[in-house]
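Q: Structure incoming, see below.
The values are calculated or read from the model by the stated rules, or taken from the named source; none is laboratory data. Every value quoted in this text rests on a predicted model; they were computed, and no experiment measured them. Neighbour counts are summed over all protein chains in view; Cβ atoms, including those assigned to glycine, are modelled from backbone coordinates with ideal geometry. These accessible areas exclude ligands, DNA and RNA; they are computed on the full protein's heavy atoms, side chains included. Shrake-Rupley method; radii C 1.70, N 1.55, O 1.52, S 1.80 Å.
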Amino acid sequence: MKHSYLVVFFFIATTLIGQVQEASNGVLSIKIDTSSSASAFELSSSSNSDTVLLENLSLWLSLETAQPKLSVENTLNYSNFTPGWNGESNLPLMVSQPQIKDHKYLYNSTSYSTPPGILNWPAEANNLAAGAFVDLNRNLVYEPNLGEYPFIRGDQCITKLNEDAISISGSNLPLGVQAIQYYYLFPKSGDPILDNCLGVRWVLRNNSSAVIDTAAFGIHMHPILRKLNVNYLGTDVTNNSIYAYSETDKTEFISLCLLNRSSKGSMYFKNEGQTANKNDIPTTDQHFRYFLQSRWKDGDSLKLGSTGLDGDSSIPYVFPGNTMPSVSEWTEEKVGNQSGDRHGLLIGDISNWEPGTYKTIEFGLLFSQNINTISELYSRHEQLQKLYNFNQFTTSNSHLTHQKVGVYPNPVLINEVLNLPQGVNELKIYNSSGQMVFNLKNASTQINIPSHFSKGLYVCTLLMNNGATEIAQIWVK
C-alpha cells in the first residue's frame, strides 16, 4: 500500500484488564507492573529465570526555584506519578511487530481478533497527544478497524502513560509533567549489542503553565545482578553511562547508557536499611533533590576517593574509573570498598521547556556478558551510542506531537521536485534499512529527489522551526 503517514492521537475508550505486561526476545525479559510502586519494573536474563538484572527503573525530576518542585516515579515506595492521565486507566500495553504485520493484512478478516495492544493503543488521552500511530487515511483518527496500527520501535514495545498528579509530601509540589514511556526489545539476531539491549524512550510533556528554565532529571536504577547484594557501581563519563557488576562475577555488567543527552553527573546510594546514614535510602523530598545535585542526604557534596563521603575535592561523578581527565582512577574495587546493594542515578538536565511542549530522554539498558575488562565494557557503550547515532537503535528518532504534515507528490520520481510544508528547519531522509541517505539544513519548501536514490520506501524526518519533529513516508518510483 502506498501511503504517506503521520502520527496523530485519539483515544479509544475501552476498559483495560490487568496491570502487568511482559516481553522477551529470548535474551532479555522485561516486566512492568503498575500495581506495585516498589517493583514496577524488572529486567531479567532469559537464560535463567532467577537471574534478575535490574529492579526499579524510574524517573526523577527536580526544579530548584524559590519554591522547589520534585517529581519522583516509583522509587522505594516514593511516587507522585499515577497511571494514566487525569485518572484514565491507561495501563501498560504490549505490541509486537509480528502482531502489527498480521493486523495490516488481516484486519478486515471475519476470523481475525485484534490484539488488545493494537485495539487499545492510547493514540490520545485526555485530549492530549500520546502514542504514535500510522494514519493511513490521514483523517487524524486512530482506526484499527481500518488497518491502522501503532508506530513502535524495536520488535516488541511496552508503553505506559503516567503523570505527577500529586505531591509526595507537603513540602514540594510536583513539576506538572505527563510521561509517555516506551520500552522496546530488538529481535534476537546474534548482535552482541542489540540482542542484549532494552531501548527506552521517555517522552515528557510540560503540563504546567510555566516555562521550566532548567530542571534536573535523574534516571534511577537498582541493579541486583544474580539477586546477590554484592554489587559494585561505576560511571563511564565519556559515554554517558552508569553500570554495575557483581563482586562474585566480574564478567557480567548491566549498564544504563544515556543516548540523546549529555550527562551532568552520577550518584549512588545504598539499600542496606541504615536510613540515618547520609549515603543510604532517601526518605524526604530534600534527600531526592540533593542526590540530583550529586550531594549526600545531608547536603554535603560527593567527594573524590573512598566511598565518596570524605575527601578534599568535590566531584560530580561517582566512581568514574579513568574516564575523567585530570582525575586519578577511582573505582570501588581500587579503594577497597565493600560491595553491597547499590542504587545508581545518572543525572542530566532539561532546559527551555515551554508549557505544552515535549522533551525526550532516550537511553539503553545493556546487559554485557563475558566481558573481561572494563575497557571492553566502555567499548560496548561506545558501540551502542554509534548504533543510536546511525539510526539503527530506533526505527525512528522522533515522537510526533504536531498536527499532520504533508509532502507531495507521493509517490515521487527520482530527480522530481518534492514539496515540503512551511517551517522546515532540517530534513533527514532514511532508507528502508534505517540508514540516513540525505540531510539538509535550512531546507526550503522544495527539494529535488537525488539521482542516487533507489526505488523504494523512504522515511522523511522534518525538524520544524518551532521545535516539533514530524515524519512522512514517501515512495520513490
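Q: Can you tell me how the range 256-376 classifies by the Cα gyration tensor, rounded, prolate or oblate, using a/c under 1.5 as the rounded cut? Can you show the working numbers first?
A: Working: a/c = 1.60, a/b = 1.15, b/c = 1.39.
Oblate shape, in that a/c is at least 1.5 and b/c is the bigger or equal ratio.
Q: So what is the 222 nm mean residue ellipticity for the chain from helices alone, if each DSSP H run of at least 4 adds -39500 (n - 2.57) and you divide by all residues, rounding to the nearest 500 deg cm²/dmol? Don't jump to the answer; show the numbers that get you there.
A: Details: 5 runs with 41 residues, N = 477.
Helices in the chain give a 222 nm mean residue ellipticity of -2500 deg cm²/dmol.
Q: What distance in nm separates the simple spin-label points at LEU140 and ASP298, each placed 7 Å from Cα in the Cβ direction?
A: 5.8
Q: A further question follows. Which shape class applies to the range 247-298: rounded if a/c is under 1.5, otherwise prolate when a/b exceeds b/c and oblate if not, where a ≥ b ≥ c are the square roots of the Cα gyration tensor eigenvalues? Intermediate results must be reported in sequence, preceding the final value.
A: Values: a/c = 3.17, a/b = 1.24, b/c = 2.56.
Oblate shape, in that a/c is at least 1.5 and b/c is the bigger or equal ratio.
Q: Say the cut-off is 26 Å between C-alpha atoms; which of LYS227/LYS264; LYS101/LYS477; LYS227/LYS270; LYS160/LYS441; LYS101/LYS359; LYS264/LYS441 go over it? Spell out each step's value before the answer.
A: Details: LYS227/LYS264 30 Å; LYS101/LYS477 24 Å; LYS227/LYS270 15 Å; LYS160/LYS441 34 Å; LYS101/LYS359 30 Å; LYS264/LYS441 28 Å.
As for pairs spanning more than 26 Å Cα to Cα, those are LYS227/LYS264; LYS160/LYS441; LYS101/LYS359; LYS264/LYS441.
Q: Turning to a different aspect of this structure: At 0.36 nm per residue, minus the direct Cα-Cα distance, what do ASP312 and THR65 gain on full extension? Give it in nm, one decimal, please. Mind dumping the intermediate values first?
A: Details: separation 247, 0.36 × 247 = 88.92 nm, distance 2.87 nm.
Full extension from ASP312 to THR65 adds 86.0 nm.
Q: Which whole-number percent gives the relative contact order of the range 238-375, counting Cα pairs below 8 Å spaced six or more residues apart?
A: Numbers: 238 pairs, mean separation 47.7, N = 138.
Relative contact order for the range 238-375 comes out at 35 percent.
Q: With every protein chain left in place, what is the accessible area per residue of the chain in square angstrom, probe 1.4 Å? Don't skip to the end; give the middle numbers.
A: Working: 18920 Å² over 477 residues.
Here the residues of the chain average 40 Å² of exposed surface.
Q: Once the whole set of protein chains is in place, how much accessible area is left on PHE151, using a 1.4 Å probe, in Å² to the nearest 10?
A: Looks like 30 Å² after rounding.
Q: With every protein chain left in place, what is the accessible area of LYS69 in Å² (1.4 Å probe, nearest 10)?
A: Accessible surface of LYS69 is approximately 50 Å².
Q: Taking the range 214-322 as the region of interest, what is the percent of Cα-Cα pairs per 5 angstrom bin, listed from the shortest bin to the one with the maximum distance?
A: P(r) over the range 214-322, rounded to whole percents: 2, 12, 21, 24, 23, 14, 4, 0, 0.
Q: Using a Cα-Cα cut-off of under 12 Å, which aspartates and glutamates could be cross-linked to LYS303, ignoring same-chain neighbours fewer than 8 residues away?
A: Excluding near neighbours in sequence, the set is ASP312.
Q: To continue, here is another question. For LEU259, which sequence-distant residues (separation of 5 or more, or a different chain) have an amide H within less than 5 Å of its own amide H, given hydrogens modelled in the peptide plane?
A: GLU362, PHE363, GLY364
Q: For Cα pairs less than 8 Å apart in space and 6+ apart in sequence, what is the mean separation divided by the residue count of the range 169-226, i.e. the relative contact order in percent? The partial results should precede the final answer.
A: Working: 46 pairs, mean separation 19.9, N = 58.
It comes to 34 percent, rounded to a whole number.
Q: Something else about it: Starting from the eigenvalues of the Cα gyration tensor, five times each then square-rooted, give me the equivalent ellipsoid semi-axes of the range 94-232, largest first, whole Å. Please list the in-between numbers first.
A: Working: eigenvalues 202, 126, 30 Å².
Whole-Å semi-axes of the equivalent ellipsoid: 32, 25, 12.
Q: A further question follows. To the nearest 10 square angstrom, what accessible area does TYR358 show with a 1.4 Å probe?
A: 50
Q: What relative contact order, as a whole-number percentage, does the range 107-210 give when Cα pairs under 8 Å and 6 or more residues apart are counted? Working shown, then result.
A: On the way: 148 pairs, mean separation 19.7, N = 104.
Reported relative contact order: 19 percent.
Q: Could you tell me which of rounded, prolate or oblate describes the chain, using a ≥ b ≥ c as the square roots of the eigenvalues of the alpha-carbon gyration tensor, with rounded for a/c under 1.5 and, failing that, prolate when a/b is larger than b/c and oblate otherwise? Intermediate results must be reported in sequence, preceding the final value.
A: On the way: a/c = 1.67, a/b = 1.58, b/c = 1.05.
Cα axes put the chain in the prolate bin.
Q: So which aspartates and glutamates can LYS104 reach, going by Cα to Cα under 17 Å and dropping same-chain residues fewer than 8 places off?
A: Cross-link targets: ASP135, GLU143, GLU148, ASP155.
Q: Give me the dipole magnitude in Debye, nearest 20, for the range 311-365 about the Cα centre, with unit charges on the beta carbon: positive for Lys and Arg, negative for Asp and Glu. Spell out each step's value before the answer.
A: Working: 3 positive and 8 negative charges, 9 e Å.
Rounded to the nearest 20 debye, it is 40 debye.
Q: Starting from the Cα of LYS428, draw a straight line to each of the aspartates and glutamates and keep only those under 14 Å, dropping any in the same chain fewer than 8 residues away.
A: Here the aspartates and glutamates satisfying the reach criterion relative to LYS428 are GLU470.
Q: Using the Cα centre of the chain as origin and beta-carbon charges of +1 (Lys, Arg) and -1 (Asp, Glu), tell me which of VAL52, ASN419, ASN74 is placed farthest towards the positive end of the dipole.
A: Value: ASN419.
Q: Let me ask something else about it. With the crude spin-label approximation of a point 7 Å out along Cα→Cβ, what separation in nm comes out for LEU119 versus LEU413?
A: If labels sit at LEU119 and LEU413, their model points lie 4.7 nm apart.
Q: Rounding to the nearest 20 debye, state how big the charge dipole of the chain is about its Cα centre with +1 on each Lys and Arg Cβ and -1 on each Asp and Glu Cβ.
A: Around 1120 debye, computed over the chain.
Q: If you roll a 1.4 angstrom probe over the protein chains with everything in place, what fraction of the accessible area of the range 231-287 belongs to carbon and sulfur, to the nearest %? Mind dumping the intermediate values first?
A: Working: 730 of 1830 Å².
Looking at the range 231-287 in its full context, I get 40 percent from C and S.
Q: Spin-label point model (7 Å from Cα, Cβ direction): what's the LEU228 to THR445 distance in nm?
A: Label-label distance for LEU228 and THR445, simple model: 6.6 nm.
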